[in-house]
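Please read through the structure below; I'll follow up with questions.
The values are calculated or read from the model by the stated rules, or taken from the named source; none is laboratory data. Here the structure is a predicted model, which means the values were calculated and not measured. Note that each Cβ is placed from the backbone with ideal geometry, even for glycine, and that neighbours are counted across all protein chains shown. Quick note on the areas: whole protein, heavy atoms, side chains included, nothing else; ligands and nucleic acids left out. Shrake-Rupley method; radii C 1.70, N 1.55, O 1.52, S 1.80 Å.
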Amino acid sequence: MAPEPVNVSEFQELTRLALPKMYYDFYSGGAEDQQTLRENVEAFRRITFRPRILIDVSRVDLSTSILGYNISAPIIVAPTSLHQLAHPQGEVATAKAAATCNTIMVLSFSSSCTIEEVATSCNAVRFYQLYIYKRRDIAATLVQRAEKNGFKAIVLTADNPRLGRREADIKNKMISPQRKNLEGLISTKVTSDGGSNLEAYVKDTMDPSLSWKDIEWLRSITKLPILIKGVLTCEDAIKAVQVGLDGIIVSNHGARQLDYSPATISVLEEVVHAVEGRVPVLMDGGIRRGTDVFKALALGAQAVLVGRPVIYGLAAKGEYGVRRVLEILKDEFELTMALSGCSSVKDITRRHVRTEHERLLSML
């Protein structure tokens, strides 16, 4: 019997062994040369700590709140697609694990399970990820369903006017299953002669004309708060605040869209400074350790979203695996807080970390 995984990376190896190559590559791969995919993780490793000593950390409180919703730690489940390719129970298992860990799950637009199946699976705070198609009525219907089923916010993913070139999916001729949430709304059967049918499907459905002016339309169809996901620059952060969005998620789409876009942790501070506290800033991309969570908070994030590690937990061990991944990250984060001299999340400050830029400046 294989030993229990002791960190997130070990769950990834279990997933590689458990899944067909096509599905493992779909989850783990990035765009083109995968430089950004590697950099999302590597950039965290260049940030070091400035721990403080002789501070009472006999009790360490990880809890925080996002948009007024209390969570056990600043670690949220990111929207990732097609969980049933990883495990038969799909997003229902993920949702139950997130609820057990008292955190928020962002349900993917491209989920295997329906909005209603996830909503009735357990009682928890959930957000809904939205893509806006050429046919606006599809987005309107899905937003209304999410609102009706108790979802608490909309997360608009805005970095995909076209699909990034994911070469592993093309080589594997990745066949994307029909999306249950879209049944009856749009034909989800797409064939492709040139490789991944996902690429052909996105080309047929996504709206490359989507722009900032469409935020007003989205606002008009829901009372829910709207966060925008995919911001990597101060210019877009300022624009997001100006158009009245309720939160920003610094994200490069898990390095699956534009290769050589920056690692999210490397631009987090730029976005935080631009926003000036007017809306919450979250980030995803490259979170593999509790130390990474601490670094993100020190650089100004209110919370992080975790994507691939959740999938790896699900593929390896189902609902239990997702729960263990979240627990491992929480335990590592708590230890990092204690060893850095922080007894609560609000004690984590910019002075607790040193970036690569600061290290190089100190050598001049």
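Of these, 55, 66, which one is under 23 Å from residue 297 (Cβ atoms) and within 17 Å of the chain's Cα centre (by Cα)?
Working: 55 fails: within 17 Å of the chain's Cα centre (by Cα).
That would be 66, the only listed residue that is under 23 Å from residue 297 (Cβ atoms) and within 17 Å of the chain's Cα centre (by Cα).
In the stretch 245-272, which residues are open to solvent by 30 Å² or more (accessible area, probe 1.4 Å) and over 18 Å from residue 295 (Cβ atoms)? Quick ask: steps written out before the conclusion?
Here is the first cut: in the stretch 245-272, the ones open to solvent by 30 Å² or more (accessible area, probe 1.4 Å) are 246, 256, 258, 260, 262, 266, 269-270, 272.
Within the stretch 245-272, 246, 256, 258, 260 qualify.
For the stretch 329-349, enumerate the residues that are in a helix (DSSP H, G or I), in contact with a helix residue (DSSP H, G or I) (Cβ under 6 Å, 6 or more places away or on another chain) and not acidic (Asp, Glu). It would help to see each step written out before you state the result.
Taking the stretch 329-349 and keeping what is in a helix (DSSP H, G or I), we get 329-340, 345-347.
Filter once more, so that each one left must be in contact with a helix residue (DSSP H, G or I) (Cβ under 6 Å, 6 or more places away or on another chain): 329, 332-333, 336, 340.
Result: 329, 333, 336, 340.
Also, I was wondering about something else. For the subset of the stretch 207-244 comprising residues that are aliphatic (A, V, I, L, M) and under 20 Å from residue 147 (Cα atoms), which member is most open to solvent (accessible area, probe 1.4 Å)? Outline the logic, then answer.
First pass over the stretch 207-244, keeping only residues aliphatic (A, V, I, L, M): 210, 215, 218, 221, 224, 226-228, 231-232, 237-238, 240-241, 243.
When the remaining residues are screened for being under 20 Å from residue 147 (Cα atoms), the result is 215, 218, 221, 224, 226-228.
Working: 215: 11, 218: 0, 221: 41, 224: 22, 226: 0, 227: 2, 228: 10 Å².
Ranking the qualifying residues of the stretch 207-244, first place goes to 221.
I'm checking my understanding of the structure. Among residues of the stretch 347-364 that are of a type outside the set (A, V, I, L, M) and free of Cβ contacts under 8 Å to residues at least 24 places away in the same chain, which one is surrounded by the fewest Cβ atoms within 10 Å (Cβ to Cβ)?
Quick first cut of the stretch 347-364, residues of a type outside the set (A, V, I, L, M) only: 347, 349-352, 354-359, 362.
Subset that is free of Cβ contacts under 8 Å to residues at least 24 places away in the same chain: 347, 357-358, 362.
Details: 347: 16, 357: 12, 358: 12, 362: 8.
The selected residue is 362.
Then there's this: Among the residues of the stretch 33-41, is any surrounded by fewer than 23 Cβ atoms within 10 Å (Cβ to Cβ), out of contact with any Cys (no Cβ under 7 Å at 6 or more places or on another chain) and under 19 Å from residue 338 (Cα atoms)?
Checked the stretch 33-41: no residue is surrounded by fewer than 23 Cβ atoms within 10 Å (Cβ to Cβ), out of contact with any Cys (no Cβ under 7 Å at 6 or more places or on another chain) and under 19 Å from residue 338 (Cα atoms).
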